[in-house]
Each structure stands twice: as C-alpha cells, then as structure tokens.
Amino acid sequence: MKLLILLCLISFSVYSQRPELIDLKVTITNINDIKGNMIIKLFNNPDSFPRKGKPYKVYSEKVTTNIVSVVLMDLRKGEYAISIYHDENADDECNMNFLGIPTESFGFSRNFRPKLSGPTFEDCYIDANQDVSINIELID
C-alpha cells in the first residue's frame, strides 16, 4: 500500500512539472503564385530573430491554394515571433536582390511591414499562453 501511494505521488509530481503545451495556427494569405513552398520560421529568442539559421523550429508547407494554414503543434507556452517566405522556386532560400530586399513574398507575425530595416522580436512577438490563431498577409 505504501508503495502504491509513493508511486501515485511520484506520478503526480512528474505530471505537474510538465509544461503545458499549446497549438499555434498560422493562416497565410495574399499568395499570388500557387507553386513552391511556404517556409515558416518560428523564433523564441529575441536575440536570434530574424537572423538566418537561428530559428527555434522551421516548417515547410507545399503551396496548393492561395491560402495556406498550418498548425504548429505542441509548443511550450511563451512568446514567439514568426518570419515567413514563399519559396516559389523551391531552392530552399529566400532570394534577395542586390540591396538585400527579398524578391520572393515574405511576411512576419503581427503583420509587421518593414520600412527601412528588418523587424525586431518586439515588433512581431505573439504571446502564446493558450492556443492561438493568427493571420499573416504576405508582402510582395
């Protein structure tokens, strides 16, 4: 009986220490060409956003319609920022012109539109303490 009680207490302790997980649904609109892939980069660290090669997770979704919805599942509660680009030619990179401006459609969470410089984490963060649905409109 003591062993059973001990096992129950251990189980409860382990279960109560698990982080609560949330789902983040991202709907992407303003897709002009039905081809290639939508690359979604999820960041959870302000110091790494939106630098190349520093995302927390990367998702790729084939573009088959002019609206793409993706559910990013089982994320820990917290703050996230998202950058997206439409990899129309499926070369696994966001193509840029000689000034460093993307030549493929792109977007950010909170629909931040850069003017003279790229966004900061604070410009784009999502407070994800429960399941969240967001819309991101691509910039041409």
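Where a number appears in this text, it was derived from the coordinates with a stated rule and is not lab data. Worth saying up front: this structure is predicted, and the values here are computed from it rather than measured. Ideal geometry is used to build each Cβ from the backbone, glycine not excepted, and the neighbour counts take in all protein chains shown.
Summary table
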quantity: Pair list, Cβ under 7 Å, 6 or more apart: region 89-109 residue farther than 16 Å from Leu138 by Cα, other residue outside any loop (DSSP other than H, G, I, E, B); calculated: Ala90/Asn37
quantity: Search result, residues across region 25-51 that are hydrophobic (A, V, I, L, M, F, W, C), closer than 19 Å to Asp131 by Cα and in contact with a Phe, Trp or Tyr (Cβ under 7 Å, 6 or more places away or on another chain); calculated: Ile40, Leu42, Phe43
quantity: Looking only at region 74-130, and only at residues there that are in a loop (DSSP other than H, G, I, E, B), out of contact with any His (no Cβ under 6 Å at 6 or more places or on another chain) and of a type in the set (Asp, Glu), the one that is surrounded by the most Cβ atoms within 10 Å (Cβ to Cβ); calculated: Glu88
quantity: Those residues of region 48-59 which are free of Cβ contacts under 8 Å to residues at least 60 places away in the same chain and assigned to a loop (DSSP other than H, G, I, E, B), in sequence order; calculated: Ser48, Arg51, Lys52, Gly53, Lys54, Pro55, Tyr56
